[in-house]
Structure formats: C-alpha cells, structure tokens
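J.: Let me give you the structure first, and then I'll get to my questions.
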Amino acid sequence: MNSIFQSVTAGLPQHGGDLQSAATEFHIPVKQWLDLSTGINPVTYPVQDIPESVFYQLPYPQKEFIDAIHGYYQQSGFLAVCGTQSAIQVIPELLNTQHTFPVLLPSVGYKEHERYWARAGNLCRHYSAMNADEMIDDISTALMQNRQQHLVLINPNNPTGVTLSADQILAWAALLEFGAFLIVDEAFIDATGEHSLLSEPKLPNNCIVLRSFGKFFGLAGLRVGFVFSSKSFRDRLKERLGIWQINGPAQWLATKALTDHAWQHKAMQELNANAYYSQRQYQVIVDHFSVQQVFTTDYFMTVELTLVQALDIRRRLGEQGILIRIIPMDQTMALIRMGNINRHDLSACRRLLKMTKALRTQAW
C-alpha cells in the first residue's frame with residue numbers, strides 16, 4: 001500500500017509556483033497558466049525606475065534599507081537574508097553545535113523545516129496543526145513532559161491557517177530550558193500582525209522569528225527575508241551565510257516597498273477583498289464535495305478531500321491551465337490549497353468562473 005501511495009504522489013511538486021513543471025506535465029506554455037498554488041499576494045508592489053547604480057555597486061547593506069526594515073517591523077535585532085529558506089536550511093545545524101535536542105514540528109506545515117532538522121540529526125516529533133485547541137494541547141503536554149526540546153511553529157500555519165496569539169507562544173518560550181529554542185515562521189502574518197512576536201517590545205533570547213518579504217508584497221522572486229533573534233545567534237548565522245545576502249536591486253526595491261505606507265494600507269484592503277472574492281468562488285468545491293474541513297487566511301483557502309478527489313481536481317484543473325497545490329496527508333486524505341486571484345484581473349476572473357460553472361454542472 002505504501003508503495004502505491006508513493007508512486008501516486010511521487011510526481012507532485014514539493015512546493016507551489018512550479019509553473020515550469022506544470023507546463024511540462026500538461027503541455028501548456030508557462031504564460032498561459034493561472035497560478036493559484038502559492039498563496040502569494042496577487043497584487044504586487046510595482047517594479048519600475050530602478051536606478052542603474054544599484055546594479056554596479058557591491059551590495060553592502062545600505063543605511064536606507066536597514067532603516068526601512070526597522071521602521072516596518074519595529075524591531076532592531078535582525079539579519080536580512082536571501083529568502084527565509086536560506087535560514088531554514090542552516091538553523092538546525094547552528095543550534096546543534098551545542099545541543100542535540102528533539103524538535104517539535106507541525107504534523108502538517110511547510111516541510112522544509114522538518115527536512116533540515118532531520119538532516120541535522122534531530123529526533124522529529126509532531127503536534128497537530130489542524131485546529132488551535134488541539135495544537136495548544138499537544139504542544140503544552142509535550143513541553144511539560146520535556147522542556148529540553150526545540151519548538152518550530154508556523155504562524156499562521158501553512159497550509160491550515162491555524163493562528164496562535166503572541167501571548168501563547170511566549171508562554172511556551174518561557175517553558176523551554178537553556179539551549180532549547182523556539183523558532184516561529186511568520187511568512188503569512190503581515191495581515192494579522194497583532195499575533196506576531198515582533199509586536200512585543202523585545203524578543204526573548206531563545207526565540208528566532210522568520211519573516212518573509214515576498215508574500216505580502218507579491219515579490220517572491222526578489223528573495224528577501226529577515227531573521228529576528230538575539231545578537232549572538234545572528235552573528236553565527238551571518239558567519240554561516242556569508243556576506244552580500246541581498247543584492248543591490250533587491251535592497252533598493254524592498255526599501256521603497258517597506259516605506260510606502262500608502263501602498264501598504266491599500267494592499268491590506270485589497271488582500272482582504274481578493275480573499276473574500278476568491279473564497280466565494282472556491283465555495284463550489286466545498287459544496288460539490290461536501291467538504292468537512294475548510295481553512296482560510298487572507299492569502300489562501302485550504303480544503304480537505306480524499307486523495308483520489310484531490311488528485312482528480314488537480315488533473316482536471318491542470319488540463320485547463322489552472323495550478324493548485326496538493327498536500328497528501330496519508331494514503332487516503334489530502335489537502336488542496338488555493339491562493340487568491342486579483343478580482344480586477346478580468347482574464348483570471350473569467351477562468352475561475354468557468355471552473356466553478358463546470359463544477360456546478362458536473363461538466364468537468
């Protein structure tokens with residue numbers, strides 16, 4: 001049975017946004033796809049008038065860039081990195097130079113965390129990430145049994161959208177014994193910043209917070225992220241990653257975006273409105289398949305289906321040039337995650353309406 005499951009799911013992309021693979025699989029050119037697989041804000045910060053000088057100079061961190069980060073996140077203890085993925089890959093080995101503790105990870109979540117903790121040699125244990133009550137119970141029980149373990153949180157969880165308060169997370173940080181760290185991946189938290197640990201005046205020394213720039217600003221290709229932590233950990237991370245993490249054009253554009261308060265205010269409104277519009281369209285999937293588990297955030301909607309249903313939906317939408325993200329749960333169940341469309345994009349709206357009409361009439 002395991003071999004059948006592995007063969008069925010082996011060809012699925014490990015991450016969203018892989019349009020090249022989708023184009024090859026379904027024989028549809030990249031430019032003809034409607035990509036719903038990433039959860040990235042479909043309203044992107046405008047890219048224009050980048051000065052030539054930023055391409056010529058070595059990209060030492062510019063003062064304006066540092067000031068912009070501090071102003072947006074209201075925290076001073078950070079390191080800018082080439083996407084938080086670069087930090088996710090090395091954090092486990094850095095923490096293992098002193099201790100090799102078990103690590104608590106979400107049963108469902110961004111799997112790159114678990115991949116690199118396992119590679120570093122840590123015993124990986126799991127807690128439920130399907131709803132907040134179960135998550136809180138599982139983590140609290142595990143930490144009361146053993147305070148010598150690291151804890152990784154994704155807040156809001158990707159793909160289940162479960163969001164925890166900063167107070168709850170800080171309470172867990174206080175339980176950890178010396179040498180154990182709490183790592184919080186806040187890639188999708190910009191729209192609900194009140195739950196961020198960065199809303200606190202100062203981070204505890206055993207907390208590491210990852211923030212993604214590309215999700216809210218819609219510029220994932222820029223590869224900009226930030227790690228907030230104690231100075232001692234930042235120094236070690238900086239030494240491990242090396243200099244010139246953020247290229248000159250990326251610094252210039254990120255500085256503009258992080259200080260453009262008018263755009264940010266409007267983008268928050270658009271993010272919410274696009275989520276409402278998109279999720280109303282996706283409701284037809286919920287109704288058609290009598291879905292019991294539905295998860296929503298301002299960035300995406302996730303539904304739980306049987307693995308057979310999820311694979312069939314992915315195939316049928318793929319044949320229409322619509323890409324969604326499928327996350328197998330086990331041999332029988334799976335999640336499909338669908339990002340928002342820009343409701344002002346008439347072409348995208350027409351394609352989405354065509355999809356929902358076909359579902360309502362069962363005329364796939």
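The values are calculated or read from the model by the stated rules, or taken from the named source; none is laboratory data. Since this is a predicted model, take the numbers as computed values, not measurements. Glycine gets a Cβ as well: all are built from the backbone with ideal geometry, and neighbour counts include every protein chain shown. Each accessible area value is taken on the protein alone, full model and side chains, heavy atoms only, with ligands, DNA and RNA left out. Shrake-Rupley method; radii C 1.70, N 1.55, O 1.52, S 1.80 Å.
J.: How do the peptides 49-56, 334-341 rank, highest first, by the average count of neighbouring beta carbon atoms within 10 Å per residue? Before the final figure, lay out each step's value.
T.: On the way: 49-56: 10.4, 334-341: 24.1.
Order by mean packing, descending: 334-341, 49-56.
J.: Taking the Cα centre as origin and putting +1 on Lys and Arg beta-carbons and -1 on Asp and Glu beta-carbons, what dipole magnitude results for segment 264-364, to the nearest 20 debye? Walk me through the intermediate numbers first.
T.: On the way: 13 positive and 8 negative charges, 82 e Å.
Here the size comes out at about 400 debye.
J.: With all protein chains present, how much of the accessible area of the chain (probe radius 1.4 Å) comes from carbon and sulfur, to the nearest whole percent? Mind dumping the intermediate values first?
T.: Values: 8690 of 16950 Å².
Roughly 51 percent, rounded to a whole number.
J.: Hey, got a sec? Which chymotrypsin sites (Phe, Trp or Tyr not before Pro) in segment 216-280 land in a DSSP loop and have at most 16 other Cβ atoms within 10 Å? Walk me through the intermediate numbers first.
T.: Numbers: sites: Phe216, Phe217, Phe226, Phe228, Phe233, Trp244, Trp252, Trp263, Tyr276, Tyr277; in loops: Trp244.
Sites meeting the loop and neighbour criteria: Trp244.
J.: Sticking with this structure for a sec: Give, rounded to the nearest 20 debye, the magnitude of the charge dipole that the chain has about its Cα centre when Lys and Arg contribute +1 at Cβ and Asp and Glu contribute -1 at Cβ. Provide the component values of the computation, followed by the final result.
T.: Details: 30 positive and 32 negative charges, 147 e Å.
The dipole magnitude comes to about 700 debye.
J.: What FRET efficiency, computed as 1/(1 + (r/R0)^6) with R0 = 35 Å and r the Cβ-Cβ distance, is obtained for Ala174 and Val30, rounded to the nearest 0.05? Write out the running numbers ahead of the final one.
T.: On the way: r = 48 Å, r/R0 = 1.38.
Once the sixth-power term is evaluated, E becomes 0.15.
J.: Mind putting a number on the dipole of segment 57-216 about its Cα centre? Charges go on the C-beta only, +1 for Lys and Arg and -1 for Asp and Glu, and I need it in Debye to the nearest 20. Intermediate values should be presented prior to the final figure.
T.: Details: 9 positive and 16 negative charges, 93 e Å.
Using Cβ point charges on Lys, Arg, Asp and Glu, segment 57-216 gives about 440 debye.
J.: Using R₀ = 30 Å, calculate the FRET efficiency as 1/(1 + (r/R₀)^6) where r is the Cβ-Cβ separation of Thr332 and Cys124; round to 0.05.
T.: Details: r = 23 Å, r/R0 = 0.76.
Between Thr332 and Cys124 the formula returns 0.85.
J.: Of all chymotrypsin sites (Phe, Trp or Tyr not before Pro) in segment 159-203, which ones are in loop regions per DSSP and have a Cβ with at most 13 other Cβ atoms within 10 Å? Intermediate values should be presented prior to the final figure.
T.: Details: sites: Trp172, Phe178, Phe181, Phe188; in loops: Phe178, Phe181, Phe188.
Passing sites in segment 159-203 are Phe178.
J.: Considering the dipole of segment 279-364 built from charges on the beta carbon (Lys and Arg +1, Asp and Glu -1) around the Cα centre, which of Phe289, Ala334, Gln279 is farthest to its positive end?
T.: Highest projection toward the positive end goes to Gln279.
J.: Shifting gears a bit: What is the calculated FRET efficiency for Thr361 to Thr163, with r their C-beta to C-beta distance and R₀ = 25 Å, to the nearest 0.05? If you can, show how the numbers build up before the last one.
T.: Numbers: r = 36 Å, r/R0 = 1.44.
After rounding, the FRET efficiency stands at 0.10.
J.: Continuing with the same structure: What does the extension gain come out to for Arg350 and Arg315, with contour length at 0.36 nm per residue minus their alpha carbon separation? Provide the component values of the computation, followed by the final result.
T.: Values: separation 35, 0.36 × 35 = 12.60 nm, distance 1.95 nm.
Additional length available on full extension: 10.6 nm.
J.: Follow-up. Taking a probe of 1.4 Å, how large is the accessible area per residue of the chain, in Å²?
T.: Details: 16950 Å² over 364 residues.
Value for the chain: 47 Å² per residue.
J.: Also, quick follow-up: Peptides 108-118, 82-92: what's the order by average Cβ count within 10 Å, highest mean first? Each step should come with its number before you reach the end.
T.: Numbers: 108-118: 18.7, 82-92: 20.8.
The packing order, highest mean first, is 82-92, 108-118.
J.: Along the positive direction of the dipole of the chain (beta-carbon charges: Lys, Arg +1; Asp, Glu -1; about the Cα centre), which of Gly193, Ala262, Pro42 reaches farthest?
T.: Comparing the listed Cα positions along the dipole, Pro42 ranks first.
J.: Of Trp252, His27, Gln149, which is farthest along the charge dipole of the chain in the positive direction, counting Lys and Arg as +1 and Asp and Glu as -1 at C-beta?
T.: It is His27, whose Cα lies furthest towards the positive end.
J.: If you look for lysine pairs in the chain that are eight or more places apart or on different chains, how many of them have Cα atoms under 23 Å apart?
T.: Total qualifying Lys-Lys pairs in the chain comes to 12.
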